[in-house]
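K.L.:
Provided herewith is a single structure, encoded as structure tokens, for subsequent inquiry.
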Amino acid sequence: MDIVKKVIPSVGEAGIDTEASPGNGSYYVRIYDGSYDACGFDTLEEAVAELTDAELMDIAYDWELDRGENFAA
């Protein structure tokens, strides 16, 4: 069972993975489009940083599309 601690609307969430194995980080990140789902983060701050990076990548990608560019290609 996951306990959501931080949500960035239309991007994803970070929270506590209550089923995490002992010795592994107990925080997770889930991106809503299905492109990324990871657990094992040691702190909520670390998980939220990963989520924020995903939000920034999404913003950059939208900007590239708006300008008709694709820097990733």
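K.L.:
If amide hydrogens are placed 1.01 Å from N in the peptide plane, which non-local residues have theirs closer than 5 Å to the one on Val11?
P.N.:
none
K.L.:
For a protection proxy built on the mean count of beta-carbon atoms within 10 angstrom, sort 1-8, 17-24 highest first, please.
P.N.:
Details: 1-8: 12.9, 17-24: 11.0.
Ranking the peptides 1-8, 17-24 by packing returns 1-8, 17-24.
K.L.:
Taking the convex hull of the alpha carbon atoms in the range 8-54, what volume per residue do you get, in Å³?
P.N.:
Value for the range 8-54: 62 Å³ per residue.
Read the figures in this text as sums done on the coordinates, not as results from a lab. The structure displayed is predicted, hence computed values, not measured ones. Note that we place each Cβ from the backbone using ideal geometry, even for glycine, and neighbour counts take in every protein chain shown.
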